[in-house]
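**Student:** I have a structure I would like to understand better, so I am pasting it below and will then ask my questions one at a time.
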Amino acid sequence: MSRPLVVILGGTRSGKSRLGRERAAALGGDGSVVYVATALPGDPELDERIALHRRDRPSTWTTLEPGEHLVAVVRSVAPGTTILVDGLTLWVSLLIEGRTDVAGLVDGPIEALRSALADHDGPAIVVSDEVGLGIVPMDPSARIFRDVMGIAHQRLVADSDEAWFTIAGRALRLDP
């Protein structure tokens, strides 16, 4: 198991990425940190968010952009290296296109990611958007996405040594 495994959940602009960077810097110390960026460029607003995230992280960190191949990238990171995955939500959005099987997504790629994190010999931080606090979406694909994320979050937090919920720039520790 990655030790420690830190899971950080929160809404848009809640401070979760900042907390992820802070925990990665603290856990990584003078060692290596790999920032695993799941956002793909696509429109001017998203491109600006990506640029902001790049400016906010240390230039000494290695950045990997896995696309759909997050599990393979996590498995490729050297032992002892701190991994910061930012974020889980965008990766799942790449996987869910055209799929309707919640169990298949959770028991397939989500479980594969949990296994890769468990096998990593070093700290890992996973940042993800909490999407289940709003209304029930009318769109079936949006409900599937929300359900997959909710189950993924429950399982990752159960695996974690630290879990945080961020809101309005404040981090709340989720006790076991």
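**Student:** Within the range 136-176, track down each residue that is within 22 Å of ALA103 (Cα to Cα), open to solvent by 60 Å² or more (accessible area, probe 1.4 Å) and part of a loop (DSSP other than H, G, I, E, B).
**Tutor:** Those that are within 22 Å of ALA103 (Cα to Cα), open to solvent by 60 Å² or more (accessible area, probe 1.4 Å) and part of a loop (DSSP other than H, G, I, E, B): VAL136, MET138, ASP139.
**Student:** Can you list the helices (runs of 4 or more DSSP H) found entirely within the range 5-87 that contain at least 3 residues being more than 14 Å from the chain's Cα centre (by Cα) and not charged (D, E, K, R)?
**Tutor:** Because the criterion is at least 3 residues that are more than 14 Å from the chain's Cα centre (by Cα) and not charged (D, E, K, R), the helices (runs of 4 or more DSSP H) in the range 5-87 that meet it are 16-28, 44-56.
**Student:** Since ILE50 meets every condition but one in (1) touching a Pro at 6+ places or on another chain (Cβ under 7 Å); (2) surrounded by fewer than 18 Cβ atoms within 10 Å (Cβ to Cβ); (3) within 16 Å of LEU113 (Cα to Cα), which condition does it not meet?
**Tutor:** (3)
**Student:** Further question on the same structure: Scan (1) out of contact with any strand residue (DSSP E or B) (no Cβ under 7 Å at 6 or more places or on another chain); (2) part of a helix (DSSP H, G or I); (3) more than 17 Å from GLY10 (Cα to Cα) for the single condition LEU90 breaks and write down its number.
**Tutor:** Single failed check for LEU90: (3).
**Student:** Let me ask something else. Name the residue, out of GLY67, GLY87, GLY132, that is surrounded by fewer than 19 Cβ atoms within 10 Å (Cβ to Cβ), at pLDDT below 95, within 26 Å of GLU22 (Cα to Cα) and in contact with a Lys or Arg (Cβ under 8 Å, 6 or more places away or on another chain).
**Tutor:** GLY132
**Student:** Moving to a separate point now. Hey, any hits in the range 95-107 for a residue that's of a type in the set (S, T, N, Q), more than 19 Å from ALA163 (Cβ to Cβ), in a loop (DSSP other than H, G, I, E, B) and touching a residue at least 12 places away in the same chain (Cβ under 8 Å)? Write out each step before concluding.
**Tutor:** Looking only at the range 95-107, we keep the residues that are of a type in the set (S, T, N, Q), and these are 100.
Next, only the ones that are more than 19 Å from ALA163 (Cβ to Cβ) stay: 100.
Subset that is in a loop (DSSP other than H, G, I, E, B): 100.
If we keep only those that are touching a residue at least 12 places away in the same chain (Cβ under 8 Å) too, we end up with 100.
Within the range 95-107, one or more residues are of a type in the set (S, T, N, Q), more than 19 Å from ALA163 (Cβ to Cβ), in a loop (DSSP other than H, G, I, E, B) and touching a residue at least 12 places away in the same chain (Cβ under 8 Å).
**Student:** What is the one condition in (1) over 23 Å from GLY31 (Cβ atoms); (2) outside any loop (DSSP other than H, G, I, E, B); (3) of a type in the set (Gly, Ala, Ser); (4) open to solvent by 20 Å² or more (accessible area, probe 1.4 Å) that ALA118 does not satisfy?
**Tutor:** Failing condition for ALA118: (1).
**Student:** Given (1) in a strand (DSSP E or B); (2) farther than 21 Å from ALA37 by Cβ, identify the lone condition not met by LEU133.
**Tutor:** (1)
**Student:** Can you find even one residue in the range 23-36 that is modelled with pLDDT of 95 or more and charged (D, E, K, R)? Full working, then the answer.
**Tutor:** Going residue by residue through the range 23-36, those that are modelled with pLDDT of 95 or more are 23-28, 32-36.
After this cut, where a residue has to be charged (D, E, K, R) as well, the list is 23.
Within the range 23-36, one or more residues are modelled with pLDDT of 95 or more and charged (D, E, K, R).
The values are calculated or read from the model by the stated rules, or taken from the named source; none is laboratory data. What you see is a predicted model, and the numbers here were worked out from it, not measured in a lab. A quick note on method: Cβ atoms are made from the backbone with ideal geometry, for glycine too, and the neighbour counts reach across all protein chains shown. Remember, those area values only see protein heavy atoms, side chains included, never the ligands or the DNA or RNA. Shrake-Rupley method; radii C 1.70, N 1.55, O 1.52, S 1.80 Å.
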